[in-house]
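Reading through the structure tokens given below for one structure.
FYI, it's all coordinate maths here, none of it is from the lab. Just so it is clear, the structure is predicted and the values come from calculations on it, not from any experiment. We place every Cβ from the backbone using ideal geometry, glycine too, and count neighbours over all the protein chains shown.
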2 protein chains.
Amino acid sequence: MDTADLGLPVDVPSTALFTDRYELTMLQAALRSGTADRRVVFEVFTRRLPEGRRYGVVGGTGRVLDAVENFRFDTGMLDFLAHHRIVDAPTLAWLADYRFSGDIWGYPEGEVYFPGSPVMRVEGSFAEAVLLETVILSILNHDSAVAAAASRMSVAAGDRPLIEMGARRTHELAAVAASRAAYVGGFASTSDLAAGFRYNIPTVGTSAHAFTLLHDTERDAFTAQVDSLGSATTLLVDTFDVAEAVRSAVEVAGTELGAVRIDSGDLLLLAHRVRQQLDDLGAKRTKIVVTSDLDEYAIASLAAAPVDAYGVGTQLVTGSGHPTCSMVYKLVARANSDAPGAPLLPVAKKSMGAKSSVGGRKWAARRLDADGVAEAEVIGGGEVPAELAGRELLVELVRGGEIVGREPLDAARDRHRVARAGLPLSATQLSRGEPVIPTEYPRN
Amino acid sequence: MDTADLGLPVDVPSTALFTDRYELTMLQAALRSGTADRRVVFEVFTRRLPEGRRYGVVGGTGRVLDAVENFRFDTGMLDFLAHHRIVDAPTLAWLADYRFSGDIWGYPEGEVYFPGSPVMRVEGSFAEAVLLETVILSILNHDSAVAAAASRMSVAAGDRPLIEMGARRTHELAAVAASRAAYVGGFASTSDLAAGFRYNIPTVGTSAHAFTLLHDTERDAFTAQVDSLGSATTLLVDTFDVAEAVRSAVEVAGTELGAVRIDSGDLLLLAHRVRQQLDDLGAKRTKIVVTSDLDEYAIASLAAAPVDAYGVGTQLVTGSGHPTCSMVYKLVARANSDAPGAPLLPVAKKSMGAKSSVGGRKWAARRLDADGVAEAEVIGGGEVPAELAGRELLVELVRGGEIVGREPLDAARDRHRVARAGLPLSATQLSRGEPVIPTEYPRN
């Protein structure tokens, strides 16, 4: 397979093995029993938001489209499956020709979601649709968790830019996806070069304590950095004494110094002191960047401080306490035979008291109040009521196996801002609460 | 670059862009100031364990070696850096020839660690060593977090096997690394085919509710599965009524049915009921596998239940509440010139009251009491005291740029079991506590 145009090193040529073994053994059993070609509908949804969260954010839709497109079993993979007797010969032959040929609809990336929202719907034969479960959930569960955290941080930061700096705190490729999801959720830039390379997200950087410690004096380090990177650079001022460092920084770089970064200590206090000192030195336009285990609460607590930008790492890439969503991929309808046009029957797990779900293919729409503010997530089967026309949430992403839902990443970022702004004002409170609008299931 | 032998799709041909932008701009400034060739020592350590944890587990060392070996800037990457003016032309030329030529020592994979333990030490020129910071931390922070959670679950599970099933709950490639780390921590197998493909971890699978719902009756689904996969398969019995499902399962598969899986409800109660029912039906050797948001506490609570294996997903891949470690990569020593043989000076960040560290290249050893049980993690500079001879923890991983520390994954898994068994008994309590042995810094 030609991998040249797949954006390596941060993409992969095939996604087909990002799959739980049981998807393949279920396929084998269904091929044998004659049910593999039954037309089915799978839906992705969550039963609940993470505790206390007011809304979810769909992240990763674009990556799902890449994953579906690149879901192919090459010879090496088929050899592996054969060698370990994971599936039988007829199933291997079927997998060798695998290309998803069905339809996918979903909430567009950046849209908000609520408990029960059918954020993605996959239709096709059971055989072709069941195989996509694991990789679709991996992507949506990870990316949506980061996008939701990013959105809350973005609310807390207001107009001040947020820099994603979490690469070192998570798996090296999860980091790239996290940068992407953070951008959708409202971050402005990333420190991660792979994210810049793969997704064209603006990259930024400052300097580390190691650079200062490498030199014989802090002033030597500042001089080296300014000589090479210009006075618009950002100097790190907390390796030794902050006040001395700020004085050196302005002496070395001049009053046109771009920014200073504070990475430890009482950021609220230090930001005020450093701002005063910079102003006194005439460096009135020199900005202050703060970093150091920030989360949305710490960002909010700095709202009144003279801070110009926030760098966020750990808490962003770990979803600020909720590193994964609880999205599931559930069979909600299936044909009762493999005859073309066989009607779809709603199906659902119905064991006592746990993990039950609502059967049937569903639409979703967001109902607005008289002021145009969202007041309910409405989810139903059958026809969409006339009063919800134009408010439907699912869009077409894949038609007959062809990707039709690709869009620039900025479209998702813009959509998120608009969607969030359309929620009731209490959506953006940081304190714990219930989903900001209820999910309704009208009777048909 | 030939990617054929790199184990795609779950490896990547170059790791060089899994790097924060500032590593490259610091390199540029150091090349310009003449400090780039100073010999340096970076150490990876944590200041604390996650709250309440008694020990940490080193995970990812083997992946770090792969990452170092594959850290090369190819033409596409250099073009990207040039196009975005991330570094200047002399730096680009330097990067084009980059190969790490220094030395790396570290705690071997699977070893336990404590606050301050130098789990990895990278020595070389500043230029070559600083570039590795981000990717080394990404790998160790992620993989060690999962390995630590796996270790606790493994303690809770005792002799019963643990199956890693978390692929759908985390980034698709983080999932592969998580399977690997879980195996090191004591898990027996994984559902993730990519982890089997890449790391030869045994893969297993059962069946999903979708498979039952696809068929006209539960019995049809069981028949299909047994016909295709044999009676040793695992049937999922909680789609509708568990007791009816167990009865059908044994009728269809016979008393040689391999296992049943319960994925919802009160697992303790259901396990007892299902065991009784299986025994009454003569299926005395049919095993019971339980899954459903298990963590180490839920596993422990099932210790007295007739459960034969645990499948664990979300809580494993998210580190059971601690999805990342807080490992940092700090400059601890550097030469004062780039002359060959220039002596190394200890260096450390010394700002007031926060994030300070201990300068100087360090050794680490685990001191045992008279019974051979670990009693302290001893960390020092200079010579290792005679009484700690043979108890040193760091091993050679890379010598002059050549990887010398590769080992089979089972070696790390075995090492972890031995290392954990050498800790005081209270190490494996699940309740919150302090690190089970103190870290000591003897005066030299």
Peptide-level mean, for B:77-88, of C-beta atoms on other protein chains within 10 Å
3
If Lys and Arg each add +1 and Asp and Glu each add -1, what is the summed charge of the other residues whose beta carbon sits under 10 Å from the beta carbon of residue B:252?
-2
Copy-to-copy label separations for residue B:99, where each label sits 7 Å from Cα toward Cβ, in nm and ascending:
4.1
Once the Cα gyration tensor of segment A:102-245 is diagonalised, semi-axes √(5λ) in Å
42, 16, 12
At 0.692 mPa s and 37 °C, Stokes diffusion of segment B:158-317 via Kirkwood alpha-carbon radius, µm² per second:
205
Over all residues in A:195-207, what is the mean tally of Cβ atoms on other chains that come within 10 Å of each residue's Cβ?
4
Distance from the Cα centre of segment A:142-161 to that of segment B:161-217, in angstrom?
31
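Residue separation times 0.36 nm, minus the C-alpha to C-alpha distance between residue B:216 and residue B:84: what's the value?
Roughly 41.7 nm would be gained on extension.
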Difference of contour (0.36 nm per residue) and Cα-Cα distance, residue A:305 to residue A:434:
43.4 nm
Place the label 7 angstrom along Cα→C-beta at residue B:409 and in each other copy, then list the distances from the first to the rest in nm, shortest first.
3.0
For q = 0.09, 0.10, 0.21 Å⁻¹, what log10 I(q)/I(0) does segment A:237-358 give under the Debye formula with an equal point scatterer on each alpha carbon and no solvent?
-0.47, -0.51, -1.11
Can you grab the distance from the C-alpha centre of segment A:339-401 to the C-alpha centre of segment B:395-444, Å, no decimals?
51
Out of B:277, B:28, B:315, any idea which swings most in a Gaussian network model of chain B, alpha carbons joined below 10 Å?
B:277
Which three semi-axes in whole Å describe the equivalent ellipsoid of chain B, each the square root of 5 times a Cα gyration tensor eigenvalue, listed largest first?
47, 27, 16
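Computed FRET efficiency, Cβ-Cβ of residue B:48 and residue A:279, R0 25 Å: what is it to the nearest 0.05?
0.10
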Any chance you could check the Cα centroid distance between segment B:247-293 and segment A:291-326 for me, in angstrom?
46
Going by alpha carbons, how many degrees (0 to 90, nearest 10) lie between the helix axis of B:409-421 and the longest principal axis of chain B?
90
How many percent of Cα pairs in the protein assembly as shown exceed 42 Å?
34
Could you tell me how many degrees, from 0 to 90 and to the nearest 10, lie between the Cα long axis of helix A:218-229 and the main elongation axis, the longest principal axis, of the Cα atoms of chain A?
60
Helix B:21-33 versus the longest principal axis of chain B: what angle, 0 to 90°, nearest 10, using Cα atoms?
20
Can you list the copy-to-copy distances for residue B:300, using a point 7 angstrom from Cα toward Cβ, in nanometres, shortest first?
3.3
Modelled FRET efficiency - R0 35 Å, residue B:396 with residue B:297, Cβ distances, 0.05 increments:
0.35
Using alpha-carbon pairs under 8 Å, 6+ residues apart, how would you state the relative contact order of chain B in percent?
22
If you average 1/r over every pair of different alpha-carbon atoms in segment A:148-216 and take one over that average, what Kirkwood value in Å do you get?
12.7
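Quick check on segment B:340-444: take the gyration tensor over C-alpha atoms, sort the square-rooted eigenvalues as a ≥ b ≥ c, and tell me if it's rounded (a/c under 1.5), prolate or oblate.
Oblate.
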Estimated vicinal HN-Hα couplings, Hz - segment B:156-167 in sequence order (Karplus 6.51, -1.76, 1.60; Gly, Pro = x):
5, 7, x, 7, 7, x, 10, 10, 7, 10, x, 3
Computed E for residue B:348/residue B:98 - FRET, C-beta separation, R0 41 angstrom, nearest 0.05
0.90
